[in-house]
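The values are calculated or read from the model by the stated rules, or taken from the named source; none is laboratory data. This structure is a prediction, so every number in the text was calculated from the model and none was measured. All Cβ positions, glycine included, derive from the backbone under ideal geometry; neighbour counts span all protein chains shown.
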Amino acid sequence: MNRQRTAAVRAETGTASDRATGLEAARGAFAPSMNRFGAFTLIELLVVIAIIAILAAMLLPALARAKEAGHRIACANDLRQIGLAAGMYADDNNSFYPERTTGGTTGSRWPDRLLPIYREMRLLRCPNDAPQPPQTGVSGTNGYAGDSVPRSYIINGWNDYLQQQIDVELGREVSNAELMNMILGRAMRQDAVDQPSETVLFGEKDSPSPHYYMDFLEGAVGNEISELDQGKHSNPIKNSRGGGSNCQFADGSMRFVRFGKAFLPENLWATTPKWRSTVLKF
Ligand SMILES: [Zn+2]
């Protein structure tokens with residue numbers, strides 16, 4: 001140790017060659033201590049990286065689940081506002097929900113009709129419909145602000161109830177093909193929903209779907225069930241049919257409904273006894 005210190009001193013004070021020799025020796029004196037305390041060996045580095053990787057693997061799924069839970073709650077709050085707006089609309093209109101239209105000269109559809117009550121168009125969008133905005137219909141929307149913005153939700157088309165009503169009025173059974181034209185301009189009555197706490201008023205639609213109304217009797221029976229996203233809020237890790245979606249019920253309540261449970265054991269989108277008990281494919 002003394003020899004090294006002397007060499008360092010000689011490097012400070014001696015001739016050029018003394019300095020060179022002294023610096024070499026001094027470097028030799030400090031290098032081992034740098035290796036020992038100032039730097040990691042490769043093994044140590046790998047161990048640290050492995051520990052970080054294990055911690056990240058443990059934490060990331062928990063973070064993803066927490067984020068998804070936040071989205072589900074935000075979505076439920078937004079949809080509840082829209083459901084309450086529909087209820088208030090019915091209260092002000094002799095119990096009628098907004099009538100069915102195709103936009104344009106037939107009048108605006110439900111998102112625009114209810115807009116003065118729920119007010120914020122951003123409520124129409126579920127946080128899980130990101131980063132791509134969800135689709136909405138493009139026909140007859142001009143001039144109707146609420147109808148033309150990205151929308152995650154779809155209203156019950158009340159197909160079975162209106163079909164039964166039209167059957168009685170006409171004294172015959174109308175076909176599904178006729179039904180879609182015949183229900184234009186008609187509205188569902190809030191007080192005609194027999195089981196409001198078990199009947200879906202609004203559900204979550206498939207993001208690319210432009211549909212406003214869920215019609216399970218348009219053409220083939222049950223065809224528009226495919227417009228729904230029954231697993232919109234799934235476990236982000238598994239991302240399977242194990243998730244569910246938010247459903248706003250006609251009594252104003254909000255429930256998270258597991259995939260398929262809106263149709264089994266009972267069709268919660270139907271109001272007539274016949275169709276509530278009919279098992280539909282989804
Ligand atoms: Zn949602």
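Of note:
- Selection status of Thr141, within 25 Å of the chain's Cα centre (by Cα), buried (at least 18 other Cβ atoms within 10 Å of the Cβ) and of a type outside the set (Asp, Glu): yes
- Any chance Arg80 is within 16 Å of the ligand (Cβ to nearest atom) and assigned by TED's automatic domain parsing to the domain that holds Gly185: yes
- Matching residues in the stretch 254-268 - criterion: being under 20 Å from the mean Cα position of the chain (by Cα) and in contact (Cβ under 8 Å) with a residue 60 or more places away in the chain: Met254, Phe256, Ala262
- Whether a residue is in a loop (DSSP other than H, G, I, E, B) and assigned by TED's automatic domain parsing to the domain that holds Tyr89 was assessed, and Ser197 does not pass this test.
- Cβ-Cβ under 8 Å pairs, at least 6 apart or on other chains, the stretch 175-204 side within 16 Å of the ligand (Cβ to nearest atom), far side part of a helix (DSSP H, G or I) and aliphatic (A, V, I, L, M): Leu201/Ala86; Phe202/Leu79; Phe202/Ile82; Phe202/Ala86; Glu204/Leu79
- Going through (1) outside the structural domain of Leu115 (by TED's automatic domain parsing); (2) at pLDDT 95 or above; (3) within 16 Å of the ligand (Cβ to nearest atom) one by one, Arg65 falls short only on (2).
- Test: residue in the stretch 95-115 that is touching a residue at least 24 places away in the same chain (Cβ under 8 Å), within 16 Å of the ligand (Cβ to nearest atom) and within 21 Å of the chain's Cα centre (by Cα): yes
- Taking the criterion of being more than 11 Å from the ligand (Cβ to nearest atom) and surrounded by 19 or more Cβ atoms within 10 Å (Cβ to Cβ), the only residue of the stretch 125-136 that qualifies is Thr136.
- Hey, Arg3 surrounded by fewer than 16 Cβ atoms within 10 Å (Cβ to Cβ) and either in a helix (DSSP H, G or I) or at pLDDT below 95 (or both) or not: yes
- Within the set Ile155, Ile117, the sole residue that is buried (at least 20 other Cβ atoms within 10 Å of the Cβ) and closer than 20 Å to Asn246 by Cβ turns out to be Ile155.
- Of the listed requirements (1) out of contact with any strand residue (DSSP E or B) (no Cβ under 9 Å at 6 or more places or on another chain); (2) at pLDDT 95 or above; (3) part of a helix (DSSP H, G or I), Arg172 misses just one: (3).
Yes/no matrix, rows are residues, columns are (1) within 19 Å of Leu184 (Cα to Cα); (2) at pLDDT below 95; (3) aliphatic (A, V, I, L, M):
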position: Ile82; (1), (2), (3): no, no, yes
position: Asn93; (1), (2), (3): yes, no, no
position: Gly104; (1), (2), (3): yes, yes, no
position: Arg113; (1), (2), (3): yes, no, no
position: Pro131; (1), (2), (3): no, yes, no
position: Gln135; (1), (2), (3): no, no, no
position: Trp158; (1), (2), (3): yes, no, no
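- Options Leu162, Leu114: the member that is among the aliphatic types (A, V, I, L, M) and within 24 Å of Ser207 (Cα to Cα): Leu114
- Looking across the stretch 238-253 at every residue that is at negative phi and over 15 Å from the mean Cα position of the chain (by Cα), the one that is modelled with the lowest pLDDT is identified as Lys238.
- Flag for Arg151 being of a type in the set (Lys, Arg) and within 16 Å of the ligand (Cβ to nearest atom): yes
- Test result for Ser245, in a loop (DSSP other than H, G, I, E, B), among the hydroxyl-bearing types (Ser, Thr, Tyr) and surrounded by 14 or more Cβ atoms within 10 Å (Cβ to Cβ): no
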